[in-house]
Amino acid sequence: MLNEKLKDFNIILASASPRRHAFFKTMNLDFEIQLKPIDEVYPKHLKGKEITDYLAKLKAEAFKANLKSKDILVTSDTIVWLNDKAIEKPKDEADAFRMIKSLSNTTHEVMTSICFTQPHKQHVLNTTTKVTFKALTDDEIWYYVNTYKPLDKAGAYGIQEWIGAIGITRIEGSYNNVVGLPTHLLYETLNAIAQGN
């Protein structure tokens, strides 16, 4: 349906995330993947969604000069936000354990920004989902870290994996956002672009 409306456009997803790739396929979108290395550093005064907005736009910068008239470049960034600071991807298993331990028996926020870049315009949207974990035991955390190796995930966990099934007691907002992409925002925005808005 949406793919038919976008048939004159070329959608480029600049992400190595297999979860984001899967969402694009689930939505029946024709797209290509292009990757360029980027140093994901942001000014320290930024907070919450300011960080993801900044990084989503930063990821688009490397592509801007080469975009053709019908290209739509999609870049995205996700952080876990707890106690007024960003929890990013863990450096190793011990770091992953520490991160999940900090999320245990509390509520955190998952923030994602999506940036849509065309040759002459750019549009950034973001959304926040609140996620609550039960009190996790050290054994549960280590089992998850050692079995699922969540080193490529913000906050060191995947909601769609074992830890989400046994540990998450409440979620407010988009589930897909926590997996890695707020697909409702992707759909709405691509629809608007297809209609010339």
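In a residue-by-residue description of the stretch 48-56, the property of being modelled with pLDDT of 95 or more and surrounded by fewer than 17 Cβ atoms within 10 Å (Cβ to Cβ) applies to at least one position.
No other residue among Ile141, Ile163 is over 20 Å from the mean Cα position of the chain (by Cα), part of a helix (DSSP H, G or I) and crowded, with 18+ Cβ neighbours inside 10 Å apart from Ile141.
Summed over the stretch 117-138, the residues that are over 14 Å from the mean Cα position of the chain (by Cα), hydrophobic (A, V, I, L, M, F, W, C) and either under 26 Å from Asp71 (Cβ atoms) or in a strand (DSSP E or B) (or both) give a count of 2.
Being surrounded by 15 or more Cβ atoms within 10 Å (Cβ to Cβ), modelled with pLDDT of 95 or more and in contact with a His (Cβ under 8 Å, 6 or more places away or on another chain), is that true of even one residue in the stretch 81-104? Yes, the stretch 81-104 contains a residue that is surrounded by 15 or more Cβ atoms within 10 Å (Cβ to Cβ), modelled with pLDDT of 95 or more and in contact with a His (Cβ under 8 Å, 6 or more places away or on another chain).
Within the stretch 65-97, being under 16 Å from Gly167 (Cα atoms) and without any contact (Cβ under 8 Å) to a residue 60 or more places away in the chain holds for one residue alone: Phe97.
Assess whether Lys7 counts as being at pLDDT below 95, more than 21 Å from Gly155 (Cα to Cα), part of a loop (DSSP other than H, G, I, E, B) and touching a helix residue (DSSP H, G or I) at 6+ places or on another chain (Cβ under 6 Å). So Lys7 fails the test.
The values are calculated or read from the model by the stated rules, or taken from the named source; none is laboratory data. As the structure is a computational prediction, the values presented were derived from the model and not from experiment. With ideal geometry, Cβ positions are generated from the backbone for all residues, glycine too; neighbour counts draw on all protein chains shown.
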